[in-house]
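Asker: What follows is a structure written as structure tokens; I'll ask about it next.
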Amino acid sequence: MTDERDPPEIPLEPFLVHRPESPFPPLYESLPPGPGDPHSDWNQNADAHDLPTRENRLAALGRFAFPPAPPLDDEGVAARDRRWTSRTIFVSAAFLLVFNAVSPLNWSRQQPPSWLQGTVQQMSGVWVGQLAVFGVDMPRQGVREAWVAARDARFVGQEPAPAAGSTAAGES
């Protein structure tokens, strides 16, 4: 006599053994048959893509009034790419001229004195002054102040940061 009610059909072994037959019967065999398909006038040979579709009248009028252009050749693709690149460079330059207007001024201050350096410095000074009226320089100043504060931050007991523009002892 054993403690098990029904001994398992597959003996328990310490190692896995490949068994070609599954102990689980397929699910579809254990379910009762469902109701049959309802009667319909569906044609098995019909294709949904053959059905007539109604086109939007506005789209048809637009296609009639503005027919699609022929595909571009290699020269057209190259011209389109040059236009895209030119626009991107122009927008980037305009963005930098407005939001980073101090850079040409700082550059001109680092150059040796000349007519070009003086002209660029004067024009940049006027440009920066005009943009400051509108507050365009405030995001740049905020980022710079945050960077200076982070650079000058020290741990408790650490010596203060060297003054801006000075070099540490021993460096040249």
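Asker: Which ³J(HN,Hα) values in Hz, rounded to whole numbers, follow from the phi angles of segment 129-145 under the Karplus curve 6.51 cos²θ - 1.76 cosθ + 1.60, where θ = phi - 60° and Gly and Pro get x?
Answerer: Ordered by residue, 3J(HN,Hα) equals x, 5, 6, 5, 4, 8, x, 5, 7, 5, x, 5, 5, x, 5, 5, 5 Hz.
Asker: What accessible area, in Å² to the nearest ten, does a 1.4 Å probe give for Phe95?
Answerer: Surface accessible to solvent at Phe95 totals approximately 120 Å².
Asker: Between Arg140 and Gln111, what length comes free when the chain is fully extended (0.36 nm per residue of separation minus the Cα-Cα distance, one decimal in nm)?
Answerer: Gain on extension, Arg140 to Gln111, equals 8.1 nm.
Asker: Fully extended, how many nm does the chain gain between Ala153 and Glu21 (0.36 nm per residue separation, minus their Cα-Cα distance)?
Answerer: Working it through step by step, the gained length comes to 40.2 nm.
Asker: Shifting gears a bit: Enter the accessible area of Arg63 (Å², nearest 10), with the probe set to 1.4 Å and all protein chains included.
Answerer: 120
The values are calculated or read from the model by the stated rules, or taken from the named source; none is laboratory data. Computed from a predicted model, the values in this text were never measured in an experiment. The protein model used for the area step is the full one, side chains on, heavy atoms only, and it has no ligands, DNA or RNA in it. Shrake-Rupley method; radii C 1.70, N 1.55, O 1.52, S 1.80 Å.
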